Amino acid sequence: MSDAHATSSFHDGGCTCRHVRYRMMSKPLIVHCCHCSWCQRETGSAFALNAMIEADRVQLLAGDVAVVDTPSQSGKGQRISRCPTCKVAVWSNYSGAGEAIRFVRVGTLDEPARFPPDIHIYTGTKHPWLTLPPDTPAEIEYYRASERWTAESLERRAALLAKFPRRS
Ligand SMILES: [Zn+2]
Ligand SMILES: [Zn+2]
């Protein structure tokens, strides 16, 4: 059995009222645990857990999403996809990665514990009571994908960049 099989498993999720049901068609590119103050405010919590994945690997199984334009730290905005009924956010798109990559909210997956953080970012604003595991990479701010992503995810990223050339 090839390695591709292991990575092609489906991961389903959805909102609280179950209007929105979606499926990640593979494992994500990387899972961020973001400790920035913007994520703290938007989640009402200490951090956000986002699984970055190609948009075409996220399939809407049921319902629809309402896209809400929301300010972001970069000033370029983010588009948060929410259930139109219960308003739970299921994923975001940021201007940096555009429409090609979704940041799926790990807490909306049916089995969120399968996706622990691959990296902690913006730890400069991490809550002081929270101690990070010493064996998970952590960055004061952001990082370069080339230094932190797995070879497989970098290959997927290259394929994506070929499909969606970077606007600048
Ligand atoms: Zn809902
Ligand atoms: Zn953040």
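The values are calculated or read from the model by the stated rules, or taken from the named source; none is laboratory data. This structure is a prediction, so every number in the text was calculated from the model and none was measured. Here the Cβ positions follow ideal geometry from the backbone for every residue, glycine too, while neighbour counts run over all protein chains shown. The protein model used for the area step is the full one, side chains on, heavy atoms only, and it has no ligands, DNA or RNA in it. Shrake-Rupley method; radii C 1.70, N 1.55, O 1.52, S 1.80 Å.
Scanning region 67-87 for residues that are open to solvent by 40 Å² or more (accessible area, probe 1.4 Å) and away from ligand 2 (no atom under 16 Å from the Cβ), we see that the one that is farthest from the chain's Cα centre (by Cα) is THR85. Residues that are within 12 Å of ligand 1 (Cβ to nearest atom) and surrounded by 22 or more Cβ atoms within 10 Å (Cβ to Cβ) within region 15-25 comprise CYS15, VAL20, TYR22, listed in sequence order.
Annotation note: Cβ proximity below 6 Å between a residue of region 84-106 that is under 16 Å from GLY44 (Cα atoms) and in a strand (DSSP E or B) and a residue that is polar (S, T, N, Q) and open to solvent by 10 Å² or more (accessible area, probe 1.4 Å) (sequence gap 6+ or interchain) occurs for VAL90/THR108.
For the structure I just gave you, tell me whether PRO116 is within 17 Å of the chain's Cα centre (by Cα), exposed (fewer than 14 other Cβ atoms within 10 Å of the Cβ) and not in a strand (DSSP E or B).
On the way: within 17 Å of the chain's Cα centre (by Cα): yes; exposed (fewer than 14 other Cβ atoms within 10 Å of the Cβ): yes; not in a strand (DSSP E or B): yes.
Yes.
Please identify the pairs in which a residue from region 51-75 that is more than 29 Å from GLU155 (Cα to Cα) has its Cβ atom under 9 Å from the Cβ atom of a residue that is among the aromatic types (Phe, Trp, Tyr) and more than 16 Å from ligand 2 (Cβ to nearest atom), counting only partners at least 6 apart or on another chain. Note: pairs meeting the criteria are ALA62/TYR22; GLY63/TYR22; VAL65/TYR22. Mind listing whichever residues of region 134-160 are within 18 Å of SER26 (Cβ to Cβ) and of a type outside the set (Asp, Glu)? Of everything in region 134-160, those that are within 18 Å of SER26 (Cβ to Cβ) and of a type outside the set (Asp, Glu) turn out to be ALA145, TRP149, THR150, ALA151, SER153, LEU154, ARG156, ARG157, ALA158, ALA159, LEU160.
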